[in-house]
Amino acid sequence: MIRILRQIFRTGIVTEPLHPDPETEIKEVGIRLEEAVRKRFRRSLTIRQVDAGSCNGCELEIHAMNNPIYNCERFGIHFTASPRFADMLLVTGPVTRNMEVALRRTYDATPLPKLVVAVGDCGCNGGIFGESYASLGGVDKVIPVDVYIPGCPPSPAALLNGILKAIS
Amino acid sequence: MSMLRDAIISAFGERARFDSSQHPAGVSSCLVPRDSFSEAAKVMKKSYALLAAEWATDETAFGRGFGIFSCYRWGSEYLIVRADVPADDPWFPSLTKRFVPAYRFERQIQSLMGITPVGIPDARPWIKFEDWPIDAWPLRKSFDASKPMPRIKGEYTWIRAEGEGVYEIPVGPVHAGIIEPGHFRFQAVGEDVINLEERLGYVHKGIEKRFETLSWREGARLAGRVSGDTTVAHSIAYSMALESMTGCRLPERAQWLRALFLERERIANHLGDIGAICNDAAFAFMLYQLSRLKELMLVTNRRLFGHRFIMDRVKPGGVTVDIDAAGKEEIRAEMESLLKDFERLVTIYDENPSLEDRVRDTGILSPEKARELCVVGIVARASGLNLDCRIFNPFPPYDQHDRIELDVPVLISGDVHARVWVRIQEVRESVRIIRKILEDLPEGETSIPVEQPSPGVSGFAAVEGWRGEIIYWLQSGPQAEINRCMVRDPSSLNWIGLERAVLGNIVPDFPLCNKSFNQSYSGHDL
């Protein structure tokens, strides 16, 4: 136990200061995001992530949003297991033929009002997989999309930016 | 060493014809009569070989019918056995009785290429869902892949268990976390799992068919997106298969840089996995600590190589980025501080009795079963199988044993703990390899131009990604285009291992077992 505590104190809070990558405008995005979540979602924006056929690259970055460095929970963003609690669906693509029905059902199970954010180049337009017998292309081919976040995969900062765009 | 080749020659004699269009030279390919396809498997089994892959090709472009292929591995030797299948009589003898994992490959061949495996005990479609038209065989050349398919009515028969107190739990395809989709169906009595049936194919994007419409150069981009977490290893495997066909010799620096990327990918994924496994045993501390270490690596990747996962930085003919002295110094310092933190966390993992209680003796895949199921990679090494392409099928710098002595951990307990411990050891190994690479990195070019391969040749490559052995087999068509690109992610073999490992465990331990395997859905479904 003493080792665990020691490691925790040694590590400290890594979330602040935001890491020095000049490209990352997390700080600025975060403040605006927190404000929007507070105002419009009573401090809690609940997201259900759906992988509708991605290569798992986008999932890694969505995971990274939850790591202690980006720590998206501090802005009031929370990932839920059930679409029934969700305010927003974060969908990665391309939507495969075999996932189409499951995606539609997830969408239908999400209560109104709901937001849909398409993540990654493939989620936006099918990306390198395009449209074929197995891939239907972008998420908007199957369910209505509010905001698109391009990138292969989009960085955690881009993801937070996209979510901010969707709720403001 | 050519044990398998000799075994085939002595068993088949004149009936087996060796083929010189298969590259690289170390991988032999022989043509046997269709009726003897499973006899060859028997010979291979007797020689202690393991099945590495089985696939089919449509060779109508060459004026032939189909080709059916099986690939065996023993030590450092790979042998491909091929049989011709006439287009008007598409069947081949099933290998499932000799090698268990063949049944997944064969169901896939039947579903996507429309060639019937005769004698397969389970002929249900795989990846092809019940609502696909029955005559839709997308890997056939006659199939128009650009058009969407109509949905038909159909049903999938599940394996059922009945009796007092038996109940069923369906899970997925949309899982509870941020993960890929797949369906699992448990039959349980009380808390004990008596059967687990996987159903995959939800993320089938038609990758293998897509390769056939791309140029050789564009193919590398697609290979980097077969499984996003293994982008480096997949691009290396694709590039090496292509390079073997064109006979180009890479500059050493390019190869060493590839190894550097490969090891960085391995560390990053292992760190994430170890944390996630502990998190599934309700020890979130490790997840946050390790995901911090992982994130720091990704940030360095972005700064030095321009991409957090080093995607698209490996191309046929070499790599697209280089490293300078300052970059080397940065990685060296990063490795040092990473290892320091990592070792502290390993001690905490090792000394935590409540964690130990969850991970030890959970989800055991015995060495016998592991052999029978021909699993690869970390799963194999945790179950006593000493398999690692970096040792048995190395590319530089791994083949320079005097400079990089590779020490691959092999454990025999086959439980969740063993799979964690193999990862822990591999992180240490990879840190050591990275330091060596930085020390001895040869000077020179980072890439050379790659020519088009000649028509009608095939190339093979096996690369040890962080999950395990990745195999690419490429075939050029009559116009030197991509006629077939076979991708075998380690997940194609290891998913079956999970089905076995879960048996007899309690339902709440499934997430733990699953995470300790952490197989790719996308790499399997293709």
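From B:Val203, B:Val193, which residue is in contact (Cβ under 8 Å) with a residue 60 or more places away in the chain, aliphatic (A, V, I, L, M) and either within 14 Å of chain A (Cβ to nearest Cβ) or in a helix (DSSP H, G or I) (or both)? Even if it seems obvious, please write down each step before you answer.
On the way: B:Val193 fails: either within 14 Å of chain A (Cβ to nearest Cβ) or in a helix (DSSP H, G or I) (or both).
B:Val203 is the lone residue from the list that is in contact (Cβ under 8 Å) with a residue 60 or more places away in the chain, aliphatic (A, V, I, L, M) and either within 14 Å of chain A (Cβ to nearest Cβ) or in a helix (DSSP H, G or I) (or both).
Considering only residues of the stretch A:10-62 that are basic (Lys, Arg) and surrounded by fewer than 22 Cβ atoms within 10 Å (Cβ to Cβ), which is modelled with the lowest pLDDT? Lay out the reasoning, then the answer.
Of the residues in the stretch A:10-62, the ones basic (Lys, Arg) are A:10, A:27, A:32, A:38-40, A:42-43, A:48.
Adding the requirement that they be surrounded by fewer than 22 Cβ atoms within 10 Å (Cβ to Cβ) leaves A:10, A:27, A:32, A:38-40, A:42-43.
Numbers: A:Arg10: 86, A:Lys27: 74, A:Arg32: 82, A:Arg38: 82, A:Lys39: 81, A:Arg40: 81, A:Arg42: 78, A:Arg43: 80.
Checking each candidate, the answer is A:Lys27.
Which numbered condition trips up B:Asp144, out of (1) farther than 20 Å from B:Glu106 by Cα; (2) under 27 Å from the mean Cα position of the chain (by Cα); (3) of a type outside the set (A, V, I, L, M)?
(2) is the only condition that B:Asp144 fails.
So is B:Glu218 at pLDDT below 95, within 14 Å of chain A (Cβ to nearest Cβ) and outside any loop (DSSP other than H, G, I, E, B) or not?
Working: at pLDDT below 95: yes; within 14 Å of chain A (Cβ to nearest Cβ): yes; outside any loop (DSSP other than H, G, I, E, B): yes.
It is true that B:Glu218 is at pLDDT below 95, within 14 Å of chain A (Cβ to nearest Cβ) and outside any loop (DSSP other than H, G, I, E, B).
Could you list, ordered by first residue, the pairs with Cβ atoms under 6 Å in which the first is in the stretch B:501-526 and on the phi > 0 side of the Ramachandran plot and the second is in a helix (DSSP H, G or I), at least 6 apart or interchain?
Close Cβ pairs (under 6 Å, with a partner that is in a helix (DSSP H, G or I)) amount to B:Asn518/B:Asp273; B:Leu526/B:Ile207; B:Leu526/B:Glu208.
Considering only residues of the stretch B:3-32 that are of a type in the set (Val, Ile, Thr) and not in a helix (DSSP H, G or I), which is surrounded by the fewest Cβ atoms within 10 Å (Cβ to Cβ)? Give the derivation first.
Let us first name the residues in the stretch B:3-32 that are of a type in the set (Val, Ile, Thr), namely B:8-9, B:27, B:32.
Next, from what is left, pick out any that are not in a helix (DSSP H, G or I): B:27, B:32.
On the way: B:Val27: 20, B:Val32: 22.
The extreme case among them is B:Val27.
Cβ-Cβ below 8 Å, separation at least six or inter-chain, first residue in the stretch B:314-340 and without any contact (Cβ under 8 Å) to a residue 24 or more places away in the chain, second buried (at least 19 other Cβ atoms within 10 Å of the Cβ): which pairs?
Listed by first residue and then by second, the contacts come to B:Gly327/B:Leu304.
Which of the residues spanning the stretch A:32-62 are over 29 Å from B:Ser522 (Cβ atoms), in contact (Cβ under 8 Å) with a residue 12 or more places away in the chain and part of a loop (DSSP other than H, G, I, E, B)?
We begin by selecting, within the stretch A:32-62, every residue over 29 Å from B:Ser522 (Cβ atoms); these are A:32-44.
Next, only the ones that are in contact (Cβ under 8 Å) with a residue 12 or more places away in the chain stay: A:32-34, A:36-38, A:40-41, A:43-44.
Answer for the stretch A:32-62, where residues must be over 29 Å from B:Ser522 (Cβ atoms), in contact (Cβ under 8 Å) with a residue 12 or more places away in the chain and part of a loop (DSSP other than H, G, I, E, B): A:Arg43, A:Ser44.
Looking at A:Pro94, is it under 25 Å from A:Lys39 (Cα atoms) and either more than 9 Å from every other protein chain (Cβ to nearest Cβ) or not in a helix (DSSP H, G or I) (or both)? Explain how you work it out, then say what you get.
Details: under 25 Å from A:Lys39 (Cα atoms): no; either more than 9 Å from every other protein chain (Cβ to nearest Cβ) or not in a helix (DSSP H, G or I) (or both): yes.
So A:Pro94 fails the test.
For the stretch B:75-86, name all the residues that are part of a strand (DSSP E or B), under 13 Å from B:Ala462 (Cβ atoms) and either touching a helix residue (DSSP H, G or I) at 6+ places or on another chain (Cβ under 6 Å) or not assigned by TED's automatic domain parsing to the domain that holds B:Tyr103 (or both). Before you say what the answer is, go through the steps one by one.
Pass one, the stretch B:75-86, residues part of a strand (DSSP E or B): B:77-85.
From the residues that got through so far, the ones that are under 13 Å from B:Ala462 (Cβ atoms) too are B:77-80.
Result: B:Glu77, B:Leu79.
Checking B:Val232 against (1) under 29 Å from B:Glu499 (Cα atoms); (2) in contact with a helix residue (DSSP H, G or I) (Cβ under 8 Å, 6 or more places away or on another chain); (3) at the interface with another protein chain (Cβ under 9 Å from one of its Cβ atoms), only one condition comes out false. Which one?
Against the list (1) under 29 Å from B:Glu499 (Cα atoms); (2) in contact with a helix residue (DSSP H, G or I) (Cβ under 8 Å, 6 or more places away or on another chain); (3) at the interface with another protein chain (Cβ under 9 Å from one of its Cβ atoms), B:Val232 comes up short only on (3).
One line per residue, one yes/no per condition, for (1) touching a Pro at 6+ places or on another chain (Cβ under 8 Å); (2) modelled with pLDDT of 90 or more; (3) assigned to a loop (DSSP other than H, G, I, E, B); (4) of a type in the set (Lys, Arg):
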position: A:Ala118; (1), (2), (3), (4): no, yes, no, no
position: A:Tyr133; (1), (2), (3), (4): yes, yes, yes, no
position: A:Gly137; (1), (2), (3), (4): yes, yes, yes, no
position: A:Pro153; (1), (2), (3), (4): no, yes, yes, no
position: A:Ala157; (1), (2), (3), (4): no, no, no, no
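Read through the list (1) under 19 Å from A:Ile62 (Cα atoms); (2) among the β-branched types (Val, Ile, Thr); (3) facing chain B (nearest Cβ under 10 Å), then give the number of the only condition that A:Val117 fails.
Evaluating A:Val117 over (1) under 19 Å from A:Ile62 (Cα atoms); (2) among the β-branched types (Val, Ile, Thr); (3) facing chain B (nearest Cβ under 10 Å) leaves (3) as the failure.
Out of the residues in the stretch A:63-72 that are part of a helix (DSSP H, G or I) and within 14 Å of A:Val29 (Cα to Cα), state the one that is nearest to the other protein chains (Cβ to nearest Cβ).
The initial filter retains those residues of the stretch A:63-72 that are part of a helix (DSSP H, G or I), namely A:63-65, A:72.
Applying the additional criterion that residues be within 14 Å of A:Val29 (Cα to Cα) yields A:65, A:72.
Details: A:Met65: 9, A:Cys72: 12 Å.
Going through the qualifying residues, I end up with A:Met65.
From B:Lys147, B:Lys141, B:Lys153, grab the single residue that is without any contact (Cβ under 8 Å) to a residue 12 or more places away in the chain, outside any strand (DSSP E or B) and surrounded by fewer than 19 Cβ atoms within 10 Å (Cβ to Cβ).
On the way: B:Lys141 fails: without any contact (Cβ under 8 Å) to a residue 12 or more places away in the chain; B:Lys153 fails: without any contact (Cβ under 8 Å) to a residue 12 or more places away in the chain.
The match here is B:Lys147.
Restrict the check to the stretch B:317-325 and report whether at least one residue is at negative phi and in a helix (DSSP H, G or I). Show your work before the answer.
At the first step, the residues of the stretch B:317-325 found to be at negative phi are B:319-325.
Checking the rest, the ones that are also in a helix (DSSP H, G or I) come to B:325.
Among the residues of the stretch B:317-325, at least one is at negative phi and in a helix (DSSP H, G or I), which makes the answer yes.
How many residues are in a loop (DSSP other than H, G, I, E, B), on the phi > 0 side of the Ramachandran plot and not charged (D, E, K, R) when one looks only at the stretch B:327-381?
Start the filter on the stretch B:327-381 by keeping residues that are in a loop (DSSP other than H, G, I, E, B), which leaves B:351-352, B:360-366, B:374-376.
Filter again for on the phi > 0 side of the Ramachandran plot, leaving B:361, B:363, B:374.
From what is left, the residues that are not charged (D, E, K, R) are B:363, B:374.
Counting residues in the stretch B:327-381 that are in a loop (DSSP other than H, G, I, E, B), on the phi > 0 side of the Ramachandran plot and not charged (D, E, K, R) gives 2.
Right, B:Tyr288: hydroxyl-bearing (Ser, Thr, Tyr) and facing chain A (nearest Cβ under 9 Å) or not?
Working: hydroxyl-bearing (Ser, Thr, Tyr): yes; facing chain A (nearest Cβ under 9 Å): yes.
When the stated conditions are applied, B:Tyr288 passes them.
Scan the stretch B:152-162 and tell me whether some residue there is more than 15 Å from B:Glu54 (Cβ to Cβ) and either of a type in the set (Ser, Thr, Tyr) or within 12 Å of chain A (Cβ to nearest Cβ) (or both).
From the stretch B:152-162, those more than 15 Å from B:Glu54 (Cβ to Cβ) are B:152-162; that's our starting set.
So of that shortlist, the ones also either of a type in the set (Ser, Thr, Tyr) or within 12 Å of chain A (Cβ to nearest Cβ) (or both) come out as B:156-157.
Yes, because at least one residue in the stretch B:152-162 is more than 15 Å from B:Glu54 (Cβ to Cβ) and either of a type in the set (Ser, Thr, Tyr) or within 12 Å of chain A (Cβ to nearest Cβ) (or both).
So, in the stretch B:426-455, exactly how many residues are small (Gly, Ala, Ser) and surrounded by 16 or more Cβ atoms within 10 Å (Cβ to Cβ)?
Just the residues of the stretch B:426-455 that are small (Gly, Ala, Ser), to begin with: B:430, B:444, B:447, B:454.
Retained after the next criterion (residues that are surrounded by 16 or more Cβ atoms within 10 Å (Cβ to Cβ)): B:430, B:447.
So the count comes out to 2.
The values are calculated or read from the model by the stated rules, or taken from the named source; none is laboratory data. Every value quoted in this text rests on a predicted model; they were computed, and no experiment measured them. Backbone-built Cβ (ideal geometry, glycine too); neighbour counts: all protein chains shown.
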